[in-house]
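Take a look at the structure set out below.
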Amino acid sequence: MIVLDANILIRAVLGRRVRQLIDMYAGKGVRFFAPDIAFNDAEKYLPLLLKKRGILHADVSASLEYLRHFIEPVGPELYAAFEREARQRLRGRDENDWPILASSLALACPVWTEDTDFFGAGVAVWTTNRIEIFLKERVISLESQEE
């Protein structure tokens, strides 16, 4: 299990590598989660980013809906109890990211992000350039549980 930040959702829509990793490892049993706020942020920022790239007719909602087949949305009913702790851990950084950290705390799993605000917040943090280390280990762990 791993919680995805909005910037990973955005990369999954804009690029190939992140989407390929999610597709491949979801197919191998790795569970991906993202708080509802991460999906909302991605939907908010993607049109601007696509416009900057000269892509005017992209269906952002359809792209994010596709990702929901592999990434389980997490609602506040799961992470709200961890709001205070997450905000404290992010104090002096981007406290608006508290739902991502709170989801990680609630699910007891790491965060996949490109945002350095999560470093030193008391949970494992993976970036895209290293995420396959975690994903491969997770698959091995899942396979050994099946035996």
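Observations
- Spin-label pair Q20-N129: with each label point 7 Å from Cα along the Cα-Cβ axis, the two points sit 1.8 nm from one another.
- Relative contact order computed over region 2-140 (Cα-Cα under 8 Å; 6+ residues apart), in percent: 30
- Computed over the chain, the per-residue total of -39500 (n - 2.57) for DSSP H runs of n ≥ 4 gives a 222 nm mean residue ellipticity of -16000 deg cm²/dmol, rounded to 500.
- Charge dipole (region 2-140, unit charges on Cβ, about Cα centre) - positive-most of G27, G122, I2: G27
- In the set [x] 8.2; [y] 18.7; [z] 8.9, the label that goes with mean projected area of the Cα convex hull in nm² computed for this structure is [z].
- Fewest-first ordering of V125, V74, V139 by other beta carbons within 10 Å of each residue's beta carbon gives V139, V125, V74.
- Candidate cross-link partners of K28 among the aspartates and glutamates, defined by an alpha-carbon separation under 17 Å and a same-chain spacing of 8 or more, comprise E72, E132, E137, E143, E146, E147.
- Computed FRET value (nearest 0.05) for A81 with M1, which takes r as the C-beta separation and R₀ as 30 Å: 0.95
- Rounded to the nearest 20 debye, dipole of the chain from Cβ charges on Lys, Arg, Asp, Glu: 520
- The alpha-carbon of K44 sits under 29 angstrom from the alpha-carbons of these lysines, leaving out residues fewer than 8 places away in its chain: K52.
Coordinate-derived values only; no laboratory data. The structure displayed is predicted, hence computed values, not measured ones. A quick note on method: Cβ atoms are made from the backbone with ideal geometry, for glycine too, and the neighbour counts reach across all protein chains shown.
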